[in-house]
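The values are calculated or read from the model by the stated rules, or taken from the named source; none is laboratory data. Model, not experiment: these values are computed from the prediction. Cβ placement follows ideal geometry from the backbone for every residue including glycine, while neighbour counts extend to all protein chains displayed. To get the accessible areas, we keep the full protein, side chains included, count just its heavy atoms, and leave off ligands, DNA and RNA. Shrake-Rupley method; radii C 1.70, N 1.55, O 1.52, S 1.80 Å.
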Amino acid sequence: MEFLIRDKDDALWIKAYFAKEKRRTVKIREAVLHGKIHYVVEAAGNKQELQAAVANFIMKKKRNEWICNQLQQAYFFQAEEEQNRILEIVDGMLKGERPELTDLAGEIDERAAIEGAVAPLVGESCTLPLASVLTFRLKGYFDCLDRYIGIAIDEYKMEQEYQIFVQSLRDYLKQKEPKREKIKLCLGEQVKFYNGQFREMTREELDGLIDRRLLSNHPVYIDSVTIAPLLSIAPARIEIYTDTPDHALIRTICNIFEERVAVKSRMHFMHDQLAASE
């Protein structure tokens, strides 16, 4: 089979793929089409191998190029750092690592979508113009990618807002003198506060310590039950006992208080409490 390719880098990618994955020598020659130089890659393989080659070429090379072009041309993201972060989010969605985002756009089996689109065109003695495949045969695939990009951009913007929010609270902490040396949190069905001697702090006590400016300055983001009391107390040390260390609340506490936080499993709570009473 022959692949007709416009870009030399793409032709070299296909050649390297067959050399590495299939251990086969592939020939490349130049051809002039409509007055422009193209590249013809001659590759041998059965139908499944050739379909897989096209799918890998698109997924591993052309997909990210296309996404970056969309980010620049359609969404006006010019900074490479921003593009890379959005690419990471899209990649996570495609790999099934961000189901909460993928559910919004609809799942897609990339390989199946690509191989299904090119299957009627693949054969041992035919020529496959890859530019035409990308333009005409894969419109549904790229429409899906565009939906993923839109959701990834929204997620990226939320992440940026979150980082600005966290940094503002870190700045707030720098100006605060600790009202308690140590605070302990036990997270089960509820969040319970304890002082350094494991005496449980009442809700009334915590409410009395809250700096009301936090709630007025950050009314949407500040959790008045947990985050606001912690920021208002600004303890030098926070010990968290939990069986769900990846919980969003704990990640936020760790992001704000950084090195002040130690996370332990709940099974250590009773042990530490007994040790403190001795």
Accessible surface of the range 221-278, 1.4 Å probe, proportion on carbon and sulfur as whole %: 54 percent
Alpha-carbon Debye profile of the range 128-278, log10 I(q)/I(0) at 0.12, 0.17 Å⁻¹: -0.59, -0.99
Long-range HN-HN contacts of Asp211 with modeled amide H, under 5 Å: Ser232
Where N is the number of residues in the chain, Cα Rg divided by 2.2 N^0.38 Å: 1.49
Neighbourhood net charge (14 Å Cβ-Cβ; Lys/Arg +1, Asp/Glu -1) for Thr244: 0
Accessible surface, 1.4 Å probe, highest first, among residues Val261, Val225, Val118: Val225, Val261, Val118
Residues whose placed amide H lies under 5 Å from that of Val263, excluding near-sequence neighbours: Ile240
Out-of-range pairs (alpha-carbon distance over 31 Å; input Lys47/Lys157; Lys15/Lys36; Lys22/Lys157): Lys47/Lys157; Lys22/Lys157
Per-residue HN-Hα couplings for the range 12-25 [Karplus 6.51, -1.76, 1.60; θ = phi - 60°; Hz; x = Gly/Pro]: 5, 5, 4, 4, 5, 4, 5, 5, 7, 7, 10, 6, 10, 7
FRET efficiency, 1/(1 + (r/R0)^6) with R0 30 Å, evaluated for Ser125 and Asn84 via beta carbons: 0.15
HN-Hα J in Hz across the range 162-167 - Karplus 6.51, -1.76, 1.60, θ = phi - 60°, x for Gly and Pro: 5, 5, 5, 4, 4, 5
Accessible surface, per residue, of the chain when the full set of protein chains is kept, probe 1.4 Å, Å²: 57 Å²
Nearby lysines by direct alpha-carbon distance to Lys182 (threshold 17 angstrom, same-chain neighbours under 8 apart not counted): Lys174, Lys192, Lys264
Within the accessible area of the range 55-168 (1.4 Å probe), percent carbon and sulfur: 50 percent
